[in-house]
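Have a look at the structure below before the remarks.
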Amino acid sequence: MNSIVRLLIYTVLIYLQKFKVDAVELTFELPDSARECFYQEIEKNKSATLEFQVVTGGQYDVDVTLESPKKEIIYHQTKTQFDSHQFTASETGVYVACFSNEFSTFSHKLVYMDFQVGDGEPALPGLPEHATVLTQFQTSADEIHKSLNQILDYQTHHRLREAQSRKRAEELNERVFWWSFFELFAILVITITQVIVLRNFFTERKPSQMGGKFVG
């Protein structure tokens, strides 16, 4: 029984490491009036996916351009918060993904990017068809691999949404704080002014301060 369990675990671990996918996943800061480009070599007829999202900064938008090795623009978006683009390489070479914040003069952006190349094809040949039990292990391992990738994607997007919501909450809290501060200051000024005016109304004036004299 223990040998069967060990064989199952060993087979699953082997197939979890058999999928070959090149990926660039990072979060970077994009200063105002700046442009950042990332380079990825892709072989012909290989599928690739470019996904991005502006986490913080300004209106949460950015310009995105994807160029082929021949400098042809195969994808372009203007002032976009998030998007995903999947394509198949028409030729072998270096593809360039550029993110531009040149339209902003004072807002820094924090951008998440995920550039994946390949669709998870096994790097090793499959098992013989007559190996029924091991083929079932292979199918189970493939499903586990796909499920783990989905879990990682869900976790990544959840972290991005959480970071974006936290940043917006902090900005809203700061605005509420300063608005409350100015309201408090205005209330204090109005209160002091009213006290001074009312005090002048009820202050008893001396005869010398009066406009005329009483004649007996």
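Residues in the range 92-105 carry Karplus couplings, in order, of 7, x, 9, 9, 10, 10, 10, 10, 10, 10, 5, 7, 9, 9 Hz; the curve used is 6.51 cos²θ - 1.76 cosθ + 1.60 with θ = phi - 60°, and Gly or Pro positions show x.
Rolling a 1.4 Å probe over the protein chains gives residue 84 an accessible area of about 70 Å².
The heavy atoms of residue 176 present about 80 square angstrom of accessible area, all protein chains included, probe 1.4 Å. One decimal place: the segment residue 184-residue 108 gains 24.2 nm when fully extended, by the rule 0.36 nm per residue minus the C-alpha distance.
For residue 95, nonlocal amide neighbours, meaning residues 5 or more places apart or on other chains whose placed amide H falls under 5 Å from its own, are 40, 41, 42.
Sticking with the crude label model, points 7 Å out along Cα→Cβ, report the distance from residue 71 to residue 33 in nm, one decimal please. If labels sit at residue 71 and residue 33, their model points lie 2.6 nm apart. Pairs exceeding a 23 Å alpha-carbon distance, out of 109/167; 79/109; 109/146; 44/79; 70/146; 79/167: 109/146; 44/79; 70/146.
The values are calculated or read from the model by the stated rules, or taken from the named source; none is laboratory data. This structure is a prediction, so every number in the text was calculated from the model and none was measured. For neighbour counting, all protein chains shown are included, and Cβ atoms are generated from backbone atoms with ideal geometry for every residue, glycine included. The area values use the complete protein model at the heavy-atom level, side chains included, leaving out ligands, DNA and RNA. Shrake-Rupley method; radii C 1.70, N 1.55, O 1.52, S 1.80 Å.
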